[in-house]
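To keep things clear, I will list the structure first and then write my remarks on it.
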Amino acid sequence: MSKKLIAVLLACAMAVSTLVGCSSTENEPTEPTETTKVEEETKEEEPATEKTSETQVKNLYNPDFSIEVLDNGIKKVIDGEHRELILVPKEMEEVPAEYADSIVIRTPVDNVVFLSSTQACTFRTVDDKAIVDAVAGVCGGPDTWEGIPAIKEGLEKGDIMDVGGSGMGEPDYELIQSLNPELIFVYTGTSPQSSQIAKFEELGINYAVDNEYMENNYLARMEWMRFILTFFNADEQVSEVMNKAQQTVDEVKAKIEGMDKPKVAIFSVYDGAVYAAGDNSWVGSMLADMGGTNVFSGMPEGTLTMEAAYDRVQDADIIIYTSTPTYCKGMQGVIEEFPQLVECKAYENNNVYQYGDTFWIGIDQSDIMASDLAAAIYPDVFPDRELTYYVKLEK
């Protein structure tokens, strides 16, 4: 949802919304974003096959962090900036002397601040009230969190504070200090929160770097839940969620196996430029898994002109516009941004969708998001599915 967002939103593979409104770049939720253009960095998309030691927590999709369980429940965590964090259980009265020079976090944490909505939504699927109660601050007011009632209600009641910083802006550091958080989750990557990190270091506030938006596989992106929730000692719950997600994805893939692959265009327009989901984006990886042919496959890296995009989009069977209803009002809003839509096959056949308002805070439900995409591509295979993360548009 901003540069990061832009990276994501724009990325169409977007992992967050930042640039993409019908014409606004500042109002979408604050989540890191991957560029809709082809990702600059690529990672392996297949689950890891390397053997891990008994103490190493096994990641399924090679996300860029690691967790190692040491003696006495102590954990060594490597975050998105390759910083070593030592997690020491709070029931242990003293931190072992060998970690005197380490960055130590006492766990489970019960007073945290999230500076990205893609981070704060990750606890939803573990259904643990203690984790919700540990959230002291987030970016954005109640309206930003419509899709996550626990956060919305907390903001409305004053149990959770809006610390500011939406749209890549600076948060309210005095407010954050007053909350006295044990930990703040930040991000770096292509759109780093460098000034925020520098300020937290100056204030002596611990932070952990979560870079899920940099992943180019949608399940690797989801697996950053494992990183965030290990600070809450919710490791077993996350493993169950990830295993269930893979099972759901496998079941969907089995239902569409061997079927013709419809052509799908996933993109948005901002300031006259088209930002399209590339093959190496997390949205592109999800599209491939869900049986769609990406009409932008093989396009050069970067934004496209309207004319170049139309050449690819006009014959697409399905069009998915990546701006949400809050910022782009349905079919008419899309037409205003991309007038050529009315000349496209998908428009004529009533197969135009847009992201739902909760799309950018759905990282913890990536399997549901993927299943919804499959239903949009193959409505006859999933005739009774009610879409959560996509909205079908009517003429």
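The values are calculated or read from the model by the stated rules, or taken from the named source; none is laboratory data. Everything numeric here is computed off the predicted structure, so don't read it as measured data. Neighbour counts run over all protein chains shown; Cβ positions are idealised from the backbone, glycine included. Accessible surface areas use protein heavy atoms only, side chains included; no ligands, DNA or RNA. Shrake-Rupley method; radii C 1.70, N 1.55, O 1.52, S 1.80 Å.
Need the full-extension length gain, Ser297 to Asp315, defined as separation in residues times 0.36 nm minus the C-alpha distance. One decimal, nm. Can you show the working numbers first?
Numbers: separation 18, 0.36 × 18 = 6.48 nm, distance 1.40 nm.
Result for the pair: 5.1 nm of gain on full extension.
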Handout entry: Spatial extent of the chain: Rg and Dmax, with the Cα atoms as the point set, Å
Key = 20.7, 69
Fill in the blank from the handout: Here the gain from full extension of Arg385 to Asp172, 0.36 nm per residue of separation minus their alpha-carbon distance, amounts to 72.5 nm
Handout entry: For the stretch 173-322: rounded, prolate or oblate by the Cα gyration tensor [a/c cutoff 1.5]
Key = oblate
Problem - Assigned charges on the beta-carbon of Lys, Arg, Asp, Glu; the stretch 102-175 dipole about Cα centre (debye) - result: 260 debye
Handout entry: Antiparallel DSSP beta bridges within the stretch 65-206, as percent of all bridges there, nearest 5
Key = 45 percent
Handout entry: Assigned charges on the beta-carbon of Lys, Arg, Asp, Glu; the chain dipole about Cα centre (debye)
Key = 680 debye
Exercise for the section: Round to a whole angstrom and tell me the spacing of the C-alpha centers of the stretch 322-353 and the stretch 72-100. Expected result: 50 Å
Problem - Along principal axes, Cα extents of the stretch 286-376, largest first, whole Å - result: 36, 30, 28
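When ligands, DNA and RNA are left out and all protein chains stay put, how many square angstrom of accessible area per residue does the stretch 324-395 have with a 1.4 Å probe?
Working: 2930 Å² over 72 residues.
Result: 41 Å² of accessible area for each residue.
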Problem - Nearest-ten-degree value, helix 366-377 long axis tilted from longest Cα axis of the chain - result: 0 degrees
Completion exercise
Residue separation between Ile368 and Glu257 times 0.36 nm, minus their alpha-carbon distance, gives in nm 38.1 nm
Exercise for the section: Quick one: which residues, 5+ away or cross-chain, put their amide H under 5 Å from the amide H of Leu70? H built at 1.01 Å from N. Expected result: Lys75, Lys76
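Assuming a ≥ b ≥ c are the square roots of the Cα gyration tensor eigenvalues, decide whether the stretch 252-294 counts as rounded (a/c under 1.5), prolate (otherwise, with a/b larger than b/c) or oblate. Mind dumping the intermediate values first?
Values: a/c = 3.88, a/b = 2.44, b/c = 1.59.
The shape class here is prolate.
Which entries of Lys345/Lys395; Lys129/Lys152; Lys58/Lys255; Lys129/Lys253; Lys244/Lys329; Lys90/Lys152 show an alpha-carbon separation above 25 angstrom in the structure shown? Walk me through the intermediate numbers first.
Numbers: Lys345/Lys395 13 Å; Lys129/Lys152 14 Å; Lys58/Lys255 28 Å; Lys129/Lys253 33 Å; Lys244/Lys329 35 Å; Lys90/Lys152 29 Å.
With Cα atoms farther than 25 Å apart: Lys58/Lys255; Lys129/Lys253; Lys244/Lys329; Lys90/Lys152.
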Completion exercise
With -39,500 (n - 2.57) per DSSP H segment of 4 or more residues and division by the full residue count of the chain, the 222 nm estimate, nearest 500 deg cm²/dmol, is -7500 deg cm²/dmol
Exercise for the section: Sticking with the crude label model, points 7 Å out along Cα→Cβ, report the distance from Val104 to Asp143 in nm, one decimal please. Expected result: 4.5 nm
Practice task
Can you tell me what the convex hull of the Cα atoms of the stretch 259-326 projects to on average, as an area in nm²?
Solution key: 5.0 nm²
Problem - Length-normalised contact order of the chain in % [C-alpha pairs under 8 Å, at least 6 apart] - result: 19 percent
Completion exercise
Computed about the Cα centre, the charge dipole of the stretch 136-214 from +1 Lys/Arg and -1 Asp/Glu charges at the Cβ has a magnitude in debye, to the nearest 20, of 100 debye
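How large, in percent, is the carbon and sulfur part of the accessible surface of the chain at a probe radius of 1.4 Å?
Details: 7040 of 16070 Å².
Its accessible area is 44 percent carbon and sulfur atoms.
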Handout entry: Under the Karplus curve 6.51 cos²θ - 1.76 cosθ + 1.60, θ = phi - 60°, whole-Hz ³J(HN,Hα) for the stretch 307-323, x wherever Gly or Pro sits
Key = 5, 5, 5, 4, 4, 8, 7, 4, 9, 5, 6, 9, 10, 10, 8, 8, 8
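Measuring with a 1.4 Å probe in the full set of protein chains, what accessible area per residue, in whole Å², belongs to the stretch 149-256?
Values: 4270 Å² over 108 residues.
That works out to 39 Å² for each residue.
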Completion exercise
Both in Å, the radius of gyration and Dmax of the C-alpha trace of the stretch 105-150 are 10.5, 32
Problem - Relative packing of peptides 196-205, 349-358 - highest average C-beta neighbours within 10 Å first - result: 349-358, 196-205
Practice task
Determine the shape class of the stretch 81-140: with a ≥ b ≥ c the square roots of the Cα gyration tensor eigenvalues, call it rounded for a/c under 1.5, and otherwise prolate if a/b is greater than b/c, oblate otherwise.
Solution key: prolate
Practice task
Set the Förster distance to 51 Å, then compute FRET efficiency between Asn349 and Ile78 from the Cβ-Cβ distance, nearest 0.05.
Solution key: 0.60
